[in-house]
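Engineer: Structure provided below as structure tokens; questions to follow.
The values are calculated or read from the model by the stated rules, or taken from the named source; none is laboratory data. The model shown is predicted, which means the values in this text are computed figures rather than measured ones. Every residue, glycine as well, gets a Cβ built from its backbone with ideal geometry; the counts of neighbours run over all protein chains shown.
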Amino acid sequence: MASTSSPTLHLSTELKFPFDPSHRRRRKSTFAPSLSSGKTVRSREPIAVRYRRHASPPSSSTVPNAVLKGHTTQDRVQGDEAPCPPQLEVQSRVWNWRGYSIRYQCCGDSGPALVLIHGFGANSDHWRKNIPVLAKSHRVYAIDLIGYGYSDKPNPRDFGDDLFYTFETWATQINDFSVQVVKDKAFFICNSIGGVVGLQAAVMQPEICRGIVILNISLRMLHIKKQPWYGRPLIRSFQNLLRNTMLGKFFFNSVATPESVEGILCQCYHDTSQVTDELVQKILQPGLEPGAVDVFLEFICYSGGPLPEELLPLVKCPVLIAWGDKDPWEPIELGRAFRNFDSVEDFVVLPDVGHCPQDEAPHLVNPLVESFVARHAAPSTAST
């Protein structure tokens, strides 16, 4: 969920503190003028701007937004005008990985395999609006990265000077999961830091990944390489302070409350009506599990590892990048540069959407995933 980026040296930027607790659930709607009556009516037609690689982006003032191909607003309309068809059952299972219990969810028994990878502070429940829809024509797996959700949370101090919670660890987990559980090549569908995980996994074992869809990837602006030399000692000192004193636990306890989680979500969701009590609980509850505080502090003190711009040139599979243009944490102005990489075949702007498009705007994200997978899926006989 939360980003690890910041354009400044504000060291609390993992969760973009301080936030305004009063910034909650302001309902936002997209409206369009009625051509027939002159009145204002709610627009039901989702739109997105698609930028092909190496093509000049259209001017928003002269070129209308392109409607997502093959997509209708059926899912939204059915909720108001027709009974919804029964959804496929989503199963929650446990996978033993190197002696650790890993929670994952799965749904669907035919079609290409998709592995859904969540962002920082989130878990596989953040894909709850995507799993049953995509499972109609795919085998869908959503995993809790080790340290998050309801997967085990080993204490990072048990590994001595070696870092455990790294993108290499999570990438290895994803690749092993694809081999041992999915038992097939897979498409990786990723959000935020999950995008870095998916890219790292594809670089480490390119024979496993068939393609990657990335939603608002973390730019990792607190990475040591992106900090001026004079700021690096300050960052290290603050990280040591969080790790080795009670300040870190105090910071975590201030975050791990319903009010704080709601406030953080209302920052990163442009449509704050999507920040429901259900969502708050699905993000918060696993964070109250034993060991969660140590994982939290370990990762926000992790300023090394790969950057997305270092991984993209090494990826051999096709990549689609979609970006909510109202993301306050990962500015789309910086993200647009990624469309110039050879591996990125498409850069899609999601209008009026924040940092977590899969949950805030699934009616835009699900068709994007379906069309991307359809373009690149080869016949597969594997099934669960």
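Engineer: One residue is enough: does the stretch 176-194 have a residue meeting the conditions touching a helix residue (DSSP H, G or I) at 6+ places or on another chain (Cβ under 8 Å) and aromatic (Phe, Trp, Tyr)?
Structural biologist: For the stretch 176-194, residues touching a helix residue (DSSP H, G or I) at 6+ places or on another chain (Cβ under 8 Å) and aromatic (Phe, Trp, Tyr): present.
Engineer: Report yes if Asp352 is at positive phi, acidic (Asp, Glu) and either in contact (Cβ under 8 Å) with a residue 60 or more places away in the chain or in a loop (DSSP other than H, G, I, E, B) (or both), otherwise no.
Structural biologist: yes
Engineer: What pairs can you find where one residue is in the stretch 286-315 and under 17 Å from Phe250 (Cβ atoms), the other is among the charged types (D, E, K, R), and their Cβ atoms are less than 7 Å apart, with a gap of 6+ or different chains?
Structural biologist: If the second residue must be among the charged types (D, E, K, R), the pairs left are Ala292/Lys153; Val293/Lys249; Val295/Lys153; Leu297/Arg243; Ile300/Glu14; Cys301/Arg243.
Engineer: Looking at the stretch 367-376, is at least one residue in a loop (DSSP other than H, G, I, E, B), more than 17 Å from the chain's Cα centre (by Cα) and closer than 21 Å to Gln205 by Cα?
Structural biologist: No, that holds for no residue.
Engineer: Could you go through the stretch 295-318 and let me know if any residue there is in a helix (DSSP H, G or I), touching an Asp or Glu at 6+ places or on another chain (Cβ under 6 Å) and either hydrophobic (A, V, I, L, M, F, W, C) or within 30 Å of Ala113 (Cα to Cα) (or both).
Structural biologist: Yes, because at least one residue in the stretch 295-318 is in a helix (DSSP H, G or I), touching an Asp or Glu at 6+ places or on another chain (Cβ under 6 Å) and either hydrophobic (A, V, I, L, M, F, W, C) or within 30 Å of Ala113 (Cα to Cα) (or both).
Engineer: Enumerate the pairs (first residue in the stretch 370-384 and under 11 Å from Asp184 (Cβ atoms) and at pLDDT below 50; second residue anywhere and of a type in the set (D, E, K, R) and not in a loop (DSSP other than H, G, I, E, B)) with beta-carbon separation below 8 Å, excluding pairs fewer than 6 apart on the same chain, so at least 6 apart or on different chains.
Structural biologist: Listed by first residue and then by second, the contacts come to Ser383/Arg139; Thr384/Arg139.
Engineer: For Gln281, are the conditions met, namely being surrounded by fewer than 22 Cβ atoms within 10 Å (Cβ to Cβ) and under 17 Å from the mean Cα position of the chain (by Cα)?
Structural biologist: no
Residues checked against (1) at pLDDT 95 or above; (2) surrounded by 13 or more Cβ atoms within 10 Å (Cβ to Cβ):
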residue: Asp80; (1), (2): no, no
residue: Arg93; (1), (2): yes, no
residue: Leu114; (1), (2): yes, yes
residue: His126; (1), (2): yes, yes
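Engineer: Among the residues that make up the stretch 285-308, is at least one of them under 19 Å from Val197 (Cβ atoms), crowded, with 20+ Cβ neighbours inside 10 Å and aliphatic (A, V, I, L, M)?
Structural biologist: Checked against the condition, which is being under 19 Å from Val197 (Cβ atoms), crowded, with 20+ Cβ neighbours inside 10 Å and aliphatic (A, V, I, L, M), the stretch 285-308 yields at least one hit.
Engineer: Also: Could you run through the stretch 197-229 and say how many residues are touching a strand residue (DSSP E or B) at 6+ places or on another chain (Cβ under 8 Å) and either of a type in the set (D, E, K, R) or modelled with pLDDT of 95 or more (or both)?
Structural biologist: Adding up the residues that qualify gives 15.
Engineer: Within the set of pairs 6 or more residues apart or between chains, which connect a residue that is closer than 16 Å to Arg93 by Cβ and of a type in the set (Gly, Ala, Ser) inside the stretch 119-144 to a residue that is assigned to a loop (DSSP other than H, G, I, E, B) and at pLDDT below 95 with Cβ atoms less than 9 Å apart?
Structural biologist: That search, which allows pairs on different chains as well, returns Ala135/Gln87; Ala135/Leu88; Ala135/Asp109.
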